[in-house]
Amino acid sequence: MTIVFYVSGHGFGHAVRIAEVIRTILAREPRARIHVRSSAPGWLFPVDERLSRADVRLDVGVVQQNSLTLDPAATLAGMSAILGDTESILARESAALRDLDCRAVVGDIPPLAFAAAARASVPSAAIANFSWDWIYRAYLPAAPAFGSLIETMARQYGQASILLRLPFHGDLSAFSRHRDIPLIARRAALPKAELRRGLALDDRPAALLSFGGFGLADLPVARMARESPGWQFLAPWRPDGELPANLRCLDGRKVNHEDLVAAVDVVVTKPGYGIVAECLANGARVLYTSRGDFPEYPVLVGALERHATARYVAPEALLGGRISGELDALLAAGERAAPLDPGAFEGARVAAEIILEMAGGSLSASGP
């Protein structure tokens, strides 16, 4: 039973949540074979003899200079080049699906994945809280050339058998059928006190600096730590130069990010689906900044304001390393949110059950 996953290489969030679905499928179904076709780093996916991967790029997402700066012009050029090669891509991918004896395709969320599945007569499921046609519509006023891309992508999304629609979603009207599922999020397996001991954190409050796959090289983390001596800082990357004693730099490929989120008092980040879901699942407070003209941003900020204890910091303050007062204020803030119950984070299980049903032939392209 081979299931093929097409995963956007935009940042880490798409790969991280799909990795959770893959882990659940492999744990539940011994006959399952997983093949990932993605430009996302291979280390983000589970290590398992039943999983194989090919470096395939079917979208560009939104091209970014870093976690906070978007490049619509490069996005337009990159996606135009891919969709301009649609016929050869579909011929290649539909042949690959047949060669793999694929029983189901899952996409998060390259639109060509669903067109390829349809050409190969394989049922397909999308997993998403947004689609690229919706994101690109924000750029239409300044760049009308996005219009033809949006129309093409919407038609390709419409070929998906079903959308597994995540919470905190945007306009996903391009899909003809959907089922709502809970959040997909990683949760730490150990108590906070044990995680902090393992990270050698003392009794001072701790903050995690988390900026995903694009990073934020301009962030003056050493200055930030020096100006906040009452705090401890964790960064899953290593900046240049000498590090102050209250800054710990870790290899992001060798630590469980959800453990870092659960161990600290505050996560400093820009809102993306993956980090928001992880903070909600692990009860972290969030100091967030804006991330440019990305339509998902206000949706996720709304989720943080409703379900987490969160505070906004201006990009200029963050990039200037001036967040000590913001951290203290956030730590002192009362619990003003409505936390989600544990069942709200069962998305990986629910998605795995639907996908396995599809792959087993019980849920077809025209199923319920």
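Taking residues in segment 345-358 that are free of Cβ contacts under 8 Å to residues at least 24 places away in the same chain, and partners anywhere that are of a type outside the set (V, I, T), the pairs with Cβ atoms closer than 7 Å and at least 6 places apart or on different chains are E357/L363. Can you name every residue in segment 181-198 that is in contact with a strand residue (DSSP E or B) (Cβ under 7 Å, 6 or more places away or on another chain) and of a type in the set (A, V, I, L, M)? Passing the criteria: only I181.
Screening segment 326-341 for residues that are assigned to a helix (DSSP H, G or I) and out of contact with any helix residue (DSSP H, G or I) (no Cβ under 9 Å at 6 or more places or on another chain) and picking the one that is surrounded by the fewest Cβ atoms within 10 Å (Cβ to Cβ) gives A332. Is it true that some residue in segment 100-123 is at pLDDT below 95, in a loop (DSSP other than H, G, I, E, B) and in contact with a His (Cβ under 7 Å, 6 or more places away or on another chain)? No, every residue in segment 100-123 fails to be at pLDDT below 95, in a loop (DSSP other than H, G, I, E, B) and in contact with a His (Cβ under 7 Å, 6 or more places away or on another chain).
The single condition among (1) in contact (Cβ under 8 Å) with a residue 40 or more places away in the chain; (2) within 21 Å of A348 (Cα to Cα); (3) crowded, with 21+ Cβ neighbours inside 10 Å; (4) aromatic (F, W, Y) that W43 does not satisfy is (3). Do we have any residue at all in segment 95-111 that's without any contact (Cβ under 8 Å) to a residue 60 or more places away in the chain and within 22 Å of the chain's Cα centre (by Cα)? Yes, because at least one residue in segment 95-111 is without any contact (Cβ under 8 Å) to a residue 60 or more places away in the chain and within 22 Å of the chain's Cα centre (by Cα).
Residues in segment 243-268 that are in a loop (DSSP other than H, G, I, E, B) and touching a residue at least 24 places away in the same chain (Cβ under 8 Å): N246, R253, N256, V264, D265. If you filter segment 302-325 down to residues that are part of a loop (DSSP other than H, G, I, E, B) and exposed (fewer than 15 other Cβ atoms within 10 Å of the Cβ), you find that the one that is modelled with the highest pLDDT is A314.
Just one of the listed residues (V276, V299) is closer than 27 Å to A128 by Cβ, in contact with a Leu (Cβ under 6 Å, 6 or more places away or on another chain) and either in a helix (DSSP H, G or I) or assigned by TED's automatic domain parsing to the domain that holds V261 (or both), and it is V276.
The values are calculated or read from the model by the stated rules, or taken from the named source; none is laboratory data. Quantities reported herein were computed from a predicted structural model and do not represent experimental measurements. Positions of Cβ are backbone-derived with ideal geometry, glycine not excepted, and every protein chain shown enters the neighbour counts.
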